[in-house]
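Scroll down for the structure; my scribbles are underneath it.
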Amino acid sequence: MNSTKGIWDKIIQSYEGNTKVNSAKLKAFRIQYENLRMHSDESIVSLFLRVDEIINSMRSLGDEVEYSMLFEKILRSITPKFHSKLPLKFTSA
C-alpha cells in the first residue's frame, strides 16, 4: 500500500467515496428531489436555491437531470398562490 498508485487510489476513494457510498448518496438526493415541495411561507428564490442545491449534488455524483424535468418539477412544486402565473397545463394538477 506504500506505492504511489496505492496512495493515489486511497486519496481518490477518500474524496470521491466508493460506488456503494455514492449510490446511497444519490438515492438520498433523488428522494429529496421527489419529495420537494414549496413551503407556504417560502419565496420562489428560496425554492430555486433548494432545488439548485439538490440538483448540483446529484450531478456531482454523475446523475444527469434534464432541464425540462427540472422546470416541470419546480412548476409542480410551487404553492397555489403562484398558480395564476403558470400556464394552464400546470394549474389543473
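The values are calculated or read from the model by the stated rules, or taken from the named source; none is laboratory data. This is a predicted model, so every value here is computed, not measured. Cβ sites come from the backbone with ideal geometry, for glycine too, and all protein chains shown count toward neighbours.
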key: Selected residue [under 19 Å from the mean Cα position of the chain (by Cα), within 18 Å of Arg30 (Cα to Cα), at pLDDT below 85 and surrounded by 14 or more Cβ atoms within 10 Å (Cβ to Cβ)] from Leu70, Leu61, Leu47, Leu75   = Leu75
query = Does region 41-58 hold any residues that are of a type in the set (D, E, K, R) and part of a helix (DSSP H, G or I), and which are they?
reply = Arg50, Asp52, Glu53
